[in-house]
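Visitor: Questions regarding the structure given below will be posed in turn.
The values are calculated or read from the model by the stated rules, or taken from the named source; none is laboratory data. From a predicted model like this one, the values you see are computed outputs, not experimental measurements. Using ideal geometry, Cβ is built from the backbone for each residue, glycine included, and neighbour counts are taken over all protein chains shown.
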């Protein structure tokens, strides 16, 4: 549980982070809060040669209301999302879900961008960003590009990010519907979700239901076609193939997706 | 007014919880300057033949002091390599994943794992034995030359079905008491030096004397050649009893290399290297009449020993001894087999054999109650040992000292509001609430004292400045000895607690002692301290009589202010400091050892209330009410703390924890991400009801409280989960009752209906 040797470089700014990543190329791995990467390194499942620490790049920690969206700096910590008045007002789903990640220590370290860039399907925030139709702003050697969240997650721990790119901002449009809910089932309070469901209006995001965070498209279609909540929720596992693990078999996860989707839609409905 | 029984805040806590405590890794002693750091190379395979170990690449690394393997163990006595005998380092064969194969010593702590990766071990895979069923098949033997993986048996040679012949109802079921990890906050650690033909070991342990004896024995040293010191110890739960192979190997390496050596394991190593607990499979058979009288009970135990014999062969003896629990049963049959498997060895874990007994009989009582359609609490009440039968000798040979079992049961049911809970359960069932309510009742008795005939030692010295030092052979690792022992001394001598220092854990100071396990500390170690205070008081009486030129019988100690006066004579009297002065160079002190042939039998009753979400299968413990009677309480804060921790650990076994292996013998819960160690967030505030029934076994009248919570809570919580689903026809769900297990049980019950 002691990581192999690595070179540690601390970036003072986003620009410096990019130049360090350019300098080390494939050998470098960005570290923000470290709550996903460090356990993997301690178990020697990840062995990066170089760690570029962006945890102190304060310029990427912000929550701002823009004309047509909310802009969140990639290095904004869960704790700040949870307690943001702006989010409580405009994106309560994100504030609430952030407050359910891990435990207080984790929430004081972990960042929204770190979670998204890590691309773990079991993380809560990626599915929330999917349900919110977020856009991810990425800087790299060839400039800045915007990636719709629906095109960002490619596979287990694989995203659209190129090795020399840095996720800088998450843009979330102001939702048309104020109804939202987040249903998460964990073994213990501090654990990763066995399954979680994020609902904003008629958008439904699924946590831990496959190799990437997912949208429950069959449910969304059914709702658009006017289906009742129980009937729509019954399709929550459509097309999913969640991995079995110690916490849950594939069938149990699919069952939970249906139950939690129904509950989330009902809960959201009560907030509409 | 006596300080005993009052809520004195733990005096050791500021130090233990903030700063100033010295856990093993905190030691900064001159003797340990320049220590090499030890890292074990551990087997990634559960069962394999070692064909070659190449240490050359590791040795070539700068900063590597030594790489030691079994071949280097040529300077210690040979051991018969019989079935279950555990080597220090694996020789030809590894028998569990995580078994130490080599020891790497490096100049820097952080080099260790890198260098360990460079030790190249060639393994030739062998078939793996996981779980007792596979072990019992004997298709693969862990120790060649033996004819079975069964290493010991006990109890009835054959069961007699006539025992159940006259029963109107007989229920039989196989239930699993799963393997769990102790997971103390402080992992295992050892530091060792060899100087002047003597080994000094600092060990995170529950019993320095046991460690000393094990090291002496294994390394073939003279008894005086080993000193063992325990600094502050951060938890043990039974798994830090004695010297593990790593500790002995570290001591040996210090002698071998002439360097101080220190070792602290990682959490990952702790999960696979430290002994696991429980790991029994029970087949219970219970029979009786439809009016709720149980007339026969049978418990057939299969104990998973793991790969080597630590305490695995001992535990089922305790399970058999306590098999019939609090019940007066006419016929009881027990038997056990212990089986080697390719898994981490099993040893003591909070309760060690007794929680398993309680879990089995309590499940059996529930099954019986369900079969005859009687309330589970009522069935228990009809079978309890009545108060007028004590001392009560059970069919399995235990003699219970004192008990008020029915009173404990009625008290806890009353405190829980049992009837109202049942009414609420009915209401939820009637309206088809997705959150069903389950009520679990358990009653228990356990044996405490952990080898009372071995006793415990104490030394008490009053110094010329009026302060006191108490040395105890007992071995605190979280219990609060410093507070409790000082209270016992203050109560007897009238010297305030803040002038009393309690010390432990050095075999050179107290050469004799036993340690802390089996809920033995207060009843044996506390009594030894109490007796030392009484002895010192009697010596002081004589000294005070000399000082004041009076008859000793006329001397009175005022325990409010700690002064001796002559009865009826006004004046200032003499203080302790003066008497210590008068005592001369030998000092005013006493050495005591308290031993007794008799164990004590604390008892109690628990009610657990669990809500089960029947759509998701998630169970949640919402209330836990207990009566835990261990006799008079010296300090309610300490006793309640023991109950709290015990209830939490016991509930965790029922709902969350399991040390699991895959079919290849890989541990799949070897980190605290995967091993669902319970946290406060999963638990309600516990509702503790006080009850004190003294014993006559020791002068304090006390029994042990350390394990009671664990023993009572596991079956109550498990039963509550099952009870929530009883209306669906569910009678049993194995532990841990994880959401998926519960969901599966619900599905199966619905399919069957």
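Visitor: With touching a residue at least 40 places away in the same chain (Cβ under 8 Å), surrounded by fewer than 18 Cβ atoms within 10 Å (Cβ to Cβ) and not assigned by TED's automatic domain parsing to the domain that holds residue B:741 as the only criterion, which of B:185, B:201, B:219 stands out? Let's see the steps before the verdict.
Guide: Details: B:201 fails: surrounded by fewer than 18 Cβ atoms within 10 Å (Cβ to Cβ); B:219 fails: surrounded by fewer than 18 Cβ atoms within 10 Å (Cβ to Cβ).
Testing whether each residue is touching a residue at least 40 places away in the same chain (Cβ under 8 Å), surrounded by fewer than 18 Cβ atoms within 10 Å (Cβ to Cβ) and not assigned by TED's automatic domain parsing to the domain that holds residue B:741 leaves just B:185.
Visitor: Okay, moving on. Is it the case, given these coordinates, that residue A:58 is more than 14 Å from chain B (Cβ to nearest Cβ) and free of Cβ contacts under 8 Å to residues at least 24 places away in the same chain?
Guide: Values: more than 14 Å from chain B (Cβ to nearest Cβ): yes; free of Cβ contacts under 8 Å to residues at least 24 places away in the same chain: yes.
Considered against the rule, which asks whether it is more than 14 Å from chain B (Cβ to nearest Cβ) and free of Cβ contacts under 8 Å to residues at least 24 places away in the same chain, residue A:58 comes out as yes.
Visitor: Which residues, counting only those in segment B:654-696, are within 14 Å of chain A (Cβ to nearest Cβ), free of Cβ contacts under 8 Å to residues at least 24 places away in the same chain and either in contact with a strand residue (DSSP E or B) (Cβ under 7 Å, 6 or more places away or on another chain) or within 25 Å of residue B:414 (Cβ to Cβ) (or both)?
Guide: Listed by number, the list holds a single entry, B:668.
Visitor: Hey, can you tell me all the residues within segment B:70-113 that are without any contact (Cβ under 8 Å) to a residue 12 or more places away in the chain and either within 14 Å of chain A (Cβ to nearest Cβ) or crowded, with 18+ Cβ neighbours inside 10 Å (or both)?
Guide: Correct list: B:110 only.
Visitor: Considering only residues that are away from chain A (no Cβ under 14 Å) and either at pLDDT below 95 or out of contact with any strand residue (DSSP E or B) (no Cβ under 6 Å at 6 or more places or on another chain) (or both), which ones fall in segment B:609-639? Spell out how you get there, then give the answer.
Guide: Residues of segment B:609-639 away from chain A (no Cβ under 14 Å): B:609-611, B:622-639.
Hits for segment B:609-639 are B:630, B:631, B:632, B:633, B:634, B:635, B:636, B:637, B:638, B:639.
Visitor: Scan segment A:247-257 and give yes if some residue there is touching a residue at least 24 places away in the same chain (Cβ under 8 Å), over 25 Å from residue B:662 (Cα atoms), within 13 Å of chain B (Cβ to nearest Cβ) and buried (at least 23 other Cβ atoms within 10 Å of the Cβ), otherwise no.
Guide: Yes, the conditions are met somewhere in segment A:247-257.
Visitor: Is it the case that some residue within segment A:184-191 is within 14 Å of chain B (Cβ to nearest Cβ) and out of contact with any helix residue (DSSP H, G or I) (no Cβ under 8 Å at 6 or more places or on another chain)?
Guide: Step one: list which residues in segment A:184-191 are within 14 Å of chain B (Cβ to nearest Cβ), which gives A:184-191.
Then drop every residue that is not out of contact with any helix residue (DSSP H, G or I) (no Cβ under 8 Å at 6 or more places or on another chain), which leaves A:186, A:191.
Looking for residues that are within 14 Å of chain B (Cβ to nearest Cβ) and out of contact with any helix residue (DSSP H, G or I) (no Cβ under 8 Å at 6 or more places or on another chain), one finds at least one in segment A:184-191, hence yes.
Visitor: Also, quick follow-up: At pLDDT below 95 and within 27 Å of residue B:227 (Cα to Cα): which single residue out of B:473, B:449, B:480, B:455 fits that description? Lay out the reasoning, then the answer.
Guide: Numbers: B:473 fails: at pLDDT below 95; B:480 fails: at pLDDT below 95; B:455 fails: at pLDDT below 95.
The unique qualifying residue is B:449.
Visitor: Among the residues of segment A:167-183, what is the count of those that are in a strand (DSSP E or B) and either more than 12 Å from chain B (Cβ to nearest Cβ) or under 13 Å from the mean Cα position of the chain (by Cα) (or both)?
Guide: Residues of segment A:167-183 that are in a strand (DSSP E or B), as a first pass: A:167-173, A:180-183.
Next, only the ones that are either more than 12 Å from chain B (Cβ to nearest Cβ) or under 13 Å from the mean Cα position of the chain (by Cα) (or both) stay: A:167-173, A:180-182.
Result for segment A:167-183: 10.
Visitor: Is it the case that segment B:416-429 has a residue that's in a helix (DSSP H, G or I), under 25 Å from the mean Cα position of the chain (by Cα), surrounded by 19 or more Cβ atoms within 10 Å (Cβ to Cβ) and in the same structural domain as residue B:294 (by TED's automatic domain parsing)? Write out each step before concluding.
Guide: Narrowing segment B:416-429 to residues in a helix (DSSP H, G or I): B:416, B:418-429.
Keeping just the survivors that are under 25 Å from the mean Cα position of the chain (by Cα) gives none.
No, segment B:416-429 contains no residue that is in a helix (DSSP H, G or I), under 25 Å from the mean Cα position of the chain (by Cα), surrounded by 19 or more Cβ atoms within 10 Å (Cβ to Cβ) and in the same structural domain as residue B:294 (by TED's automatic domain parsing).
Visitor: Can I ask one more? Please indicate, with yes or no, whether at least one residue in segment A:79-100 is under 30 Å from residue A:4 (Cα atoms) and free of Cβ contacts under 8 Å to residues at least 40 places away in the same chain. Steps first, answer last, please.
Guide: Start the filter on segment A:79-100 by keeping residues that are under 30 Å from residue A:4 (Cα atoms), which leaves none.
No: segment A:79-100 contains no residue that is under 30 Å from residue A:4 (Cα atoms) and free of Cβ contacts under 8 Å to residues at least 40 places away in the same chain.
Visitor: Output the number of the condition that residue A:238 fails; it satisfies all remaining conditions of (1) over 19 Å from residue B:738 (Cα atoms); (2) within 14 Å of another protein chain (Cβ to nearest Cβ); (3) not in a helix (DSSP H, G or I).
Guide: Exception for residue A:238: condition (2).
Visitor: Would you check which residues across segment B:16-50 are part of a helix (DSSP H, G or I) and without any contact (Cβ under 8 Å) to a residue 60 or more places away in the chain and list them? Walk me through how you get there before you give the answer.
Guide: To start, the set of residues in segment B:16-50 that are part of a helix (DSSP H, G or I) comprises B:16-17, B:24-26, B:30-32.
Scanning segment B:16-50 gives B:17, B:30.
One line per residue, one yes/no per condition, for (1) out of contact with any strand residue (DSSP E or B) (no Cβ under 7 Å at 6 or more places or on another chain); (2) surrounded by fewer than 21 Cβ atoms within 10 Å (Cβ to Cβ); (3) over 21 Å from residue B:210 (Cα atoms):
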| site | (1), (2), (3) |
| --- | --- |
| B:233 | yes, no, no |
| B:242 | yes, no, no |
| B:259 | no, yes, yes |
| B:268 | yes, yes, yes |
| B:275 | no, no, no |
| B:282 | no, no, yes |
| B:296 | no, no, yes |
| B:301 | no, no, yes |
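Visitor: Also, quick follow-up: Please verify whether residue A:77 is in contact with a strand residue (DSSP E or B) (Cβ under 7 Å, 6 or more places away or on another chain), within 14 Å of another protein chain (Cβ to nearest Cβ) and buried (at least 16 other Cβ atoms within 10 Å of the Cβ), treating the condition exactly as stated. Walk me through how you get there before you give the answer.
Guide: Values: in contact with a strand residue (DSSP E or B) (Cβ under 7 Å, 6 or more places away or on another chain): yes; within 14 Å of another protein chain (Cβ to nearest Cβ): no; buried (at least 16 other Cβ atoms within 10 Å of the Cβ): yes.
Against the criterion (in contact with a strand residue (DSSP E or B) (Cβ under 7 Å, 6 or more places away or on another chain), within 14 Å of another protein chain (Cβ to nearest Cβ) and buried (at least 16 other Cβ atoms within 10 Å of the Cβ)), residue A:77 does not qualify.
Visitor: In addition: Give the number of residues within segment A:1-36 that are within 14 Å of chain B (Cβ to nearest Cβ) and in a helix (DSSP H, G or I). If you could, list the steps in order and put the result at the bottom.
Guide: Keep residues of segment A:1-36 that are within 14 Å of chain B (Cβ to nearest Cβ), which gives A:1-6, A:8, A:35-36.
Next cut, in a helix (DSSP H, G or I) only: none.
Residues meeting the conditions: 0.
Visitor: Turning to a different aspect of this structure: Return a yes/no flag: does segment A:93-102 have any residue that is within 16 Å of residue A:114 (Cα to Cα), within 14 Å of chain B (Cβ to nearest Cβ) and either out of contact with any helix residue (DSSP H, G or I) (no Cβ under 6 Å at 6 or more places or on another chain) or loosely packed, with under 15 Cβ neighbours inside 10 Å (or both).
Guide: yes
Visitor: Residues of segment A:258-272 being within 11 Å of chain B (Cβ to nearest Cβ) and within 20 Å of the chain's Cα centre (by Cα), which ones? I'd like the intermediate steps shown before the answer.
Guide: Our first condition is that a residue be within 11 Å of chain B (Cβ to nearest Cβ); within segment A:258-272, this holds for A:258-260, A:262-263.
Listed by number, the list holds a single entry, A:260.
Visitor: Follow-up. Is it true that some residue in segment B:640-655 is farther than 30 Å from residue B:398 by Cα and touching a helix residue (DSSP H, G or I) at 6+ places or on another chain (Cβ under 7 Å)?
Guide: Step one: of segment B:640-655, the residues farther than 30 Å from residue B:398 by Cα are B:655.
Subsequent filtering for residues that are touching a helix residue (DSSP H, G or I) at 6+ places or on another chain (Cβ under 7 Å) retains B:655.
Within segment B:640-655, one or more residues are farther than 30 Å from residue B:398 by Cα and touching a helix residue (DSSP H, G or I) at 6+ places or on another chain (Cβ under 7 Å).
Visitor: Identify, from the list A:216, A:232, A:196, the residue that is modelled with pLDDT of 95 or more, crowded, with 24+ Cβ neighbours inside 10 Å, within 14 Å of chain B (Cβ to nearest Cβ) and touching a helix residue (DSSP H, G or I) at 6+ places or on another chain (Cβ under 9 Å).
Guide: On the way: A:216 fails: within 14 Å of chain B (Cβ to nearest Cβ); A:232 fails: within 14 Å of chain B (Cβ to nearest Cβ).
So the residue among A:216, A:232, A:196 that is modelled with pLDDT of 95 or more, crowded, with 24+ Cβ neighbours inside 10 Å, within 14 Å of chain B (Cβ to nearest Cβ) and touching a helix residue (DSSP H, G or I) at 6+ places or on another chain (Cβ under 9 Å) is A:196.
Visitor: Is it the case that segment B:273-287 has a residue that's part of a helix (DSSP H, G or I), at pLDDT 95 or above and within 14 Å of chain A (Cβ to nearest Cβ)? Explain how you work it out, then say what you get.
Guide: Taking segment B:273-287 as the starting set, the residues that turn out to be part of a helix (DSSP H, G or I) are B:273.
Those still in the list that are at pLDDT 95 or above too: B:273.
Filter once more, keeping what is within 14 Å of chain A (Cβ to nearest Cβ): B:273.
Taking every residue of segment B:273-287 in turn, at least one turns out to be part of a helix (DSSP H, G or I), at pLDDT 95 or above and within 14 Å of chain A (Cβ to nearest Cβ).
Visitor: Then there's this: Restricting to segment B:589-608, name every residue that is surrounded by 24 or more Cβ atoms within 10 Å (Cβ to Cβ) and either assigned to a strand (DSSP E or B) or within 14 Å of another protein chain (Cβ to nearest Cβ) (or both). Break it down into steps so the answer makes sense when it comes.
Guide: Restricting attention to segment B:589-608, the residues satisfying the condition of being surrounded by 24 or more Cβ atoms within 10 Å (Cβ to Cβ) are B:599-608.
B:600, B:603, B:604, B:605, B:606, B:607, B:608 - these are the residues of segment B:589-608 that are surrounded by 24 or more Cβ atoms within 10 Å (Cβ to Cβ) and either assigned to a strand (DSSP E or B) or within 14 Å of another protein chain (Cβ to nearest Cβ) (or both).
Visitor: To continue, here is another question. Would it be correct to say that residue B:714 is part of a helix (DSSP H, G or I), away from chain A (no Cβ under 14 Å), touching a residue at least 60 places away in the same chain (Cβ under 8 Å) and out of contact with any strand residue (DSSP E or B) (no Cβ under 9 Å at 6 or more places or on another chain)? Give the steps one after another, and end with the answer.
Guide: On the way: part of a helix (DSSP H, G or I): yes; away from chain A (no Cβ under 14 Å): yes; touching a residue at least 60 places away in the same chain (Cβ under 8 Å): yes; out of contact with any strand residue (DSSP E or B) (no Cβ under 9 Å at 6 or more places or on another chain): no.
Considered against the rule, which asks whether it is part of a helix (DSSP H, G or I), away from chain A (no Cβ under 14 Å), touching a residue at least 60 places away in the same chain (Cβ under 8 Å) and out of contact with any strand residue (DSSP E or B) (no Cβ under 9 Å at 6 or more places or on another chain), residue B:714 comes out as no.
Visitor: Moving on to the next point. Just one of the numbered conditions (1) within 21 Å of the chain's Cα centre (by Cα); (2) within 12 Å of chain B (Cβ to nearest Cβ) is not true of residue A:204; which one?
Guide: The failed condition is (2).
Visitor: Follow-up question, since we're still on this one. With respect to residue B:355, determine if the residue is at negative phi, buried (at least 22 other Cβ atoms within 10 Å of the Cβ), away from chain A (no Cβ under 14 Å) and in contact with a helix residue (DSSP H, G or I) (Cβ under 7 Å, 6 or more places away or on another chain). I'd like the intermediate steps shown before the answer.
Guide: Numbers: at negative phi: yes; buried (at least 22 other Cβ atoms within 10 Å of the Cβ): yes; away from chain A (no Cβ under 14 Å): yes; in contact with a helix residue (DSSP H, G or I) (Cβ under 7 Å, 6 or more places away or on another chain): yes.
Spelling it out, residue B:355 is indeed at negative phi, buried (at least 22 other Cβ atoms within 10 Å of the Cβ), away from chain A (no Cβ under 14 Å) and in contact with a helix residue (DSSP H, G or I) (Cβ under 7 Å, 6 or more places away or on another chain).
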